[in-house]
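Take a look at the structure below.
The values are calculated or read from the model by the stated rules, or taken from the named source; none is laboratory data. Just so we're clear, the structure is a prediction, and the values are computed from it rather than from any experiment. Please note: Cβ atoms are built from the backbone with ideal geometry, for glycine as well, and neighbour counts cover all protein chains shown. With ligands, DNA and RNA removed, areas are computed over all heavy atoms of the protein, side chains included. Shrake-Rupley method; radii C 1.70, N 1.55, O 1.52, S 1.80 Å.
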Amino acid sequence: MRIAARGGDPRAALLLTGGSDRRFCGGDIRTMTCKLGIRCGWPALLAAALYCLPTDAGRGQQFLRDREGDTLIRRTDLSETGPIDPYRHRRIDLLSITLARWFPRDPHLDVFVGEVSRDGDFFRMDVRLAGLVNPPGDISGDRWRPFFYGPHPVFGFIELDVDASVETGGEVRSPQFRYTANVARFGGMPSGPRFANRIAASRADARLPFNHPPLVKRSGEEFHLAFLGEYFEPHLYRVIEGDENGTFDAGEIWRFRESRMFHRAHGFEGLSLLEFCTERGSYQPPETDLEFRHDLRTDVTIISMVFPMTNAGCARKRREPVQEPNTSACDQVSIDEGLVDLVRSAHFWRRRPYGPEHKPIIIEWSRRMPRELEQPGEWAVNAILGSTYLSRPSRDPDEIFVWTDVYPDPLRCDVNGDGQVNELDRRLIAAYVVEHGHEGEAPIRAFANDFSLFDVNYSGSVDEFDLVCRPRACDSDGDDDVDLVDFTLFQHCYSGPNARYPEPRCAQVDPNRDGSVDLDDLAEFIRLLHGPDTR
């Protein structure tokens, strides 16, 4: 049984019968099996669940799941004074990312109709986000219209490391906005060897020289999808389903055609031999097709991107003879051509003892075979997504984004990236307080534009709450805010001065830690009370 993917909806492409085309899995497995006419008992559900495990590298695709509802507000503006409205503007919640080689039936007519194939001549990526999510509006330069397409815009980057090596790629243009520069804001150091000595422990680390530890700019990325409004210009989209009122609404489908939001890593620009038609070394051709689709049934937004994997795919799309990879990003283009250029450029730089400081990221490409790396099932992926402010908080270009989700997630309170929370983590946090603090507390200057890896609850200070891996003072439910839910516990625990509170969990609403919940604690609670989703 083969079910072709239509219109960019990955759930319509589930294949449950083996073969070479396991389709985009994910979402509600019970709903999917029933919808496909499969008996909905537990054996069928278990088979579907096992089928969707992300182990399909051999078939040129992979499915990466992120935990639903794990969003946290991570602001970047000084003193957290930038205006946000969590009631009107949704936290961006990443659910999954699917990568695959893709074979459109007729790319000249519609690149989104086709099938997954190990030999497909296109690359397809499907990003699933919870709820209705809008394309990003332009916030570049003096513009500030983030909500141009609706109240829930997505901003950020999905980074692709096609050879799964941190030594052979990286970013030099605005690295402070990327995963390695911000993931520590989410309460820990991601585990795994690819992140060792690559993660910023504070804002200053992202400003260090390219080859200075930690190697924040040397992330290994070769390509990225940029959710930045300047690449989502109004003349680039057309409404497939919807009322054409200029706002991306529930149940609508929009397509952005021939846009530039898919880039090769900017770290290669000073090293690449590309020179014709575009900025020297740049590879971000206007060949990206991207679809926003909101599914009313599941209340999920699926963002699907299709880009030529080979020049043969680009030729099919344009109905032209195939052109071999060359030194121009303005005729036929593909991921293959971008990688072939890296190999050619690496041979050039390998023979020269001089070069810019980021030269090391290209040298190893002299040993690479692009065609062997063009299976998305084997690529490494980082993602950082979020929203922005109601108005520009300041003229500082770094104070733009409100991050809400990352992939992969760090383990909160694991500050050394070993995948465990133990005594060693507590010692490291304590050592930071001793070195930078006074009387058991180390406030972070210029928070939240700056941050610290050791401030695991993101309170703006490294203190005893971080040592015991607890939410900030008065945040009794650990949802990253102080609101009326927390006040309910305060009322329950109120004991008055010099009287012990009734149960251990009341310690969460005893900010002065004197063993009683009284008027002194109420004063601090009121100071911290800002409401749901608000710091």
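Ordered by residue, what ³J(HN,Hα) values in Hz, to whole numbers, does region 207-216 give under the Karplus form 6.51 cos²θ - 1.76 cosθ + 1.60, where θ = phi - 60° and Gly and Pro are x?
After applying 6.51 cos²θ - 1.76 cosθ + 1.60, I find 9, 5, x, 3, 9, 9, x, x, 7, 4 Hz.
Roughly what would the spin-label model give for residue 322 and residue 113, points 7 Å off Cα along C-beta, in nm?
Result: 2.5 nm between the two label points.
Which peptide among 242-249, 364-371 comes first, and what is the full order, when sorted by highest mean count of other Cβ atoms within 10 Å?
364-371, 242-249
Amide H to amide H, which residues 5 or more places from residue 223 or on other chains are under 5 Å from it, using H placed in the peptide plane?
Answer set, sorted by chain and number: 160, 162, 265.
From Cα pairs below 8 angstrom and at least 6 apart in sequence, can you work out the relative contact order of the chain, rounded to a whole percent?
Result for the chain is 17 percent.
Tally up the carbon and sulfur contribution to the accessible surface of the chain as a whole percent, 1.4 Å probe, everything protein left in place.
53
With a probe of 1.4 Å, find how much accessible area the chain has per residue, and write the answer as a whole number in Å².
Solvent-accessible surface per residue comes out at 40 Å².
Per DSSP helix of 4 or more residues, -39500 (n - 2.57); summed, then divided by the residues of the chain. What does that give at 222 nm, rounded to the nearest 500?
-4500 deg cm²/dmol
Probe 1.4 Å, all protein chains in place: accessible area of residue 424 in Å², nearest 10?
Using a 1.4 Å probe on the heavy atoms, I get roughly 80 Å².
Using the crude model of +1 on Lys and Arg Cβ and -1 on Asp and Glu Cβ, and no other charge, please compute the dipole size for region 416-535 relative to its Cα centre, in debye to 20.
It comes to approximately 140 debye.
So for the chain, taking the charge dipole from beta-carbon charges (+1 Lys/Arg, -1 Asp/Glu), which of 144, 267, 446 sits furthest toward the positive end?
Going by the Cα projections, it comes out as 267.
Residue 468: accessible area at probe 1.4 Å, nearest 10 Å²?
80
To the nearest 10 degrees, how steep is helix 519-528 against the longest Cα principal axis of the chain, on a 0 to 90 scale?
It is inclined by approximately 20 degrees.
At 0.36 nm per residue, and after removing the present C-alpha to C-alpha distance, how many nm does the segment from residue 366 to residue 491 gain when stretched out fully?
Contour length minus the Cα-Cα distance gives 38.4 nm.
Report relative contact order for region 310-439 in percent, whole number only (criteria: Cα-Cα under 8 Å, sequence separation at least 6).
Rounded, it is 13 percent for region 310-439.
What distance in nm separates the simple spin-label points at residue 68 and residue 276, each placed 7 Å from Cα in the Cβ direction?
According to this spin-label approximation, the distance is 5.0 nm.
Spelling out what I want: for every residue of region 153-167, take phi, set θ = phi - 60°, compute 6.51 cos²θ - 1.76 cosθ + 1.60 (Karplus), and round to whole Hz; glycine and proline get x.
The phi angles translate into x, 9, 10, x, 9, 10, 9, 10, 10, 6, 9, 6, 10, 6, 7 Hz.
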